[in-house]
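Written out below as structure tokens is the structure these notes cover.
The values are calculated or read from the model by the stated rules, or taken from the named source; none is laboratory data. Everything numeric here is computed off the predicted structure, so don't read it as measured data. For neighbour counting, all protein chains shown are included, and Cβ atoms are generated from backbone atoms with ideal geometry for every residue, glycine included.
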Amino acid sequence: MSTTNGGQDNQPQLNVVAQYIKDFSFENPNAPRSLQTGGEAPQIGIQINVEAQPLSETDIEVSLKLEGKAEMQGNLMFGFELEFAGIFRIRNVPQESLNAIVLIECPRLLFPFAREIIATAVRNGGFPPLLLDPVDFVALYRQKMAQLEPGEMPQA
């Protein structure tokens, strides 16, 4: 008995080929003083960027860059920088949909892993784990699209 794929070779596909840390740093420059906060909540700032680099006709490297720091009364408690990336194989997707998939769906798949890396590093630095809120990659994509000049295409 044999089976056929019923033409599924033409179905849109998004596959994760690999995920990895490209760059990571965690700083706790004022330890042990920074660990003796007295219960006051720190000011936390986070920046998130997404970049993409084509590797072949079907493979794209997508990098999720997260930078953050926590300060209390003007003193740095901790800071981190993480570039977490993945190689994604994208097939049978219309060209007009490709940028949205690369800049929305790919980082959405990477984010939970990056979030865990940051939470663990902050906890290992002596602080309660920093659990980042989910990111609205659709809003980030729309913001990026709004910044483009008329007629300019986003770089995936």
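Every listed requirement among (1) in contact (Cβ under 8 Å) with a residue 24 or more places away in the chain; (2) within 11 Å of the chain's Cα centre (by Cα); (3) assigned to a helix (DSSP H, G or I) is met by Val102 save one, (2).
Checked against (1) crowded, with 16+ Cβ neighbours inside 10 Å; (2) within 18 Å of Tyr141 (Cβ to Cβ), Gln53 passes all but a single condition, namely (1).
When Phe80, Phe88, Phe127, Phe137 are checked against the criterion of being of a type in the set (Phe, Trp, Tyr), in contact with a Pro (Cβ under 6 Å, 6 or more places away or on another chain) and either more than 30 Å from Asp9 (Cβ to Cβ) or touching a residue at least 60 places away in the same chain (Cβ under 8 Å) (or both), a single residue qualifies: Phe137. Can you say whether Ser63 is among the polar types (S, T, N, Q), assigned to a strand (DSSP E or B), in contact (Cβ under 8 Å) with a residue 12 or more places away in the chain and buried (at least 17 other Cβ atoms within 10 Å of the Cβ), as far as the supplied structure shows? Yes; evaluated as a whole, the condition is true for this residue. Contact map, region 11-31: residues that are under 19 Å from Ile118 (Cα atoms) and outside any strand (DSSP E or B) paired with residues that are small (Gly, Ala, Ser) and at pLDDT below 95, Cβ distance under 7 Å, separation 6+ or inter-chain. Pairs shown: Asn28/Ser34; Asn28/Gly125; Asn28/Gly126; Ala31/Gly126.
For the structure I just gave you, tell me whether Pro54 is within 29 Å of Val16 (Cβ to Cβ) and more than 13 Å from the chain's Cα centre (by Cα).
Working: within 29 Å of Val16 (Cβ to Cβ): yes; more than 13 Å from the chain's Cα centre (by Cα): yes.
Here the answer is yes, as Pro54 does meet what is asked.
Mind checking which residues of region 52-69 are of a type in the set (Asp, Glu) and at pLDDT 95 or above?
Looking only at region 52-69, we keep the residues that are of a type in the set (Asp, Glu), and these are 57, 59, 61, 67.
If the condition is that a residue be of a type in the set (Asp, Glu) and at pLDDT 95 or above, then Asp59, Glu61, Glu67 are the ones that fit.
Residue-wise test of (1) part of a loop (DSSP other than H, G, I, E, B); (2) among the hydrophobic types (A, V, I, L, M, F, W, C); (3) modelled with pLDDT of 95 or more.
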{"site": "Arg108", "(1), (2), (3)": "no, no, yes"}
{"site": "Ala114", "(1), (2), (3)": "no, yes, yes"}
{"site": "Thr120", "(1), (2), (3)": "no, no, yes"}
{"site": "Phe127", "(1), (2), (3)": "yes, yes, no"}
{"site": "Val138", "(1), (2), (3)": "no, yes, no"}
{"site": "Gln143", "(1), (2), (3)": "no, no, no"}
{"site": "Pro150", "(1), (2), (3)": "yes, no, no"}
{"site": "Met153", "(1), (2), (3)": "yes, yes, no"}
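Out of all the residues in region 70-90, is one or more surrounded by 13 or more Cβ atoms within 10 Å (Cβ to Cβ), at pLDDT below 90 and either outside any helix (DSSP H, G or I) or under 12 Å from the mean Cα position of the chain (by Cα) (or both)?
At the first step, the residues of region 70-90 found to be surrounded by 13 or more Cβ atoms within 10 Å (Cβ to Cβ) are 70-72, 75-90.
Narrowing the set further to residues that are at pLDDT below 90 leaves 72, 75.
From what is left, the residues that are either outside any helix (DSSP H, G or I) or under 12 Å from the mean Cα position of the chain (by Cα) (or both) are 72, 75.
So far as region 70-90 goes, yes, one or more of its residues are surrounded by 13 or more Cβ atoms within 10 Å (Cβ to Cβ), at pLDDT below 90 and either outside any helix (DSSP H, G or I) or under 12 Å from the mean Cα position of the chain (by Cα) (or both).
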